[in-house]
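Taken together, the values in this text are just the output of simple stated rules run on the coordinates, not laboratory data. The structure displayed is predicted, hence computed values, not measured ones. Neighbour counts are summed over all protein chains in view; Cβ atoms, including those assigned to glycine, are modelled from backbone coordinates with ideal geometry.
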């Protein structure tokens, strides 16, 4: 049975019930602009994805697997793709020891919508089965 990892939000729904909008409202004006632009690009490219604030940051899921999300630091917004290393794009920085990669934006003017849409297209067509991967990893660790 599939778990519901969040609900899609209609553009005309009140922002008071929208945890992703609440996340952005807590940021500075500059970071809020970056998050707003990224959210628009993500929801346009992944209309069937479920979204929610997961582990403190907005994340979009395809078939229960996290695909893309962003998180704000004090000076920038990190756009993370769970399978970003598979994209083969040197503009994405590898993150962690698995398959994630990210781009960092300190200003909304740094966002190139065409590039983001390309990454999102790749993210949608090559979803990292993180649920299955980590389930197998935990099973191997229990045997060891």
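Key figures
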quantity	calculated
Residues 112, 48 arranged by fewest to most Cβ contacts within 10 Å	48, 112
Identified option (computed semi-axes √(5λ) of the Cα gyration tensor in Å; candidates (1) 28, 23, 14; (2) 21, 17, 16; (3) 25, 19, 15)	(3)
Fewest-first ranking of 82, 119, 54, using other Cβ atoms within 10 Å as the exposure measure	54, 119, 82
Value of [θ]222 nm, deg cm²/dmol, for the chain, DSSP H segments ≥ 4, -39500 (n - 2.57) each, nearest 500	-11000 deg cm²/dmol
Percent RCO, i.e. relative contact order, over the chain, from Cα pairs under 8 Å lying at least 6 residues apart	21 percent
Bridge type composition, segment 15-143 - antiparallel percent by DSSP, nearest 5	100 percent
Residue order, fewest to most beta carbons within 10 Å, for 128, 134	134, 128
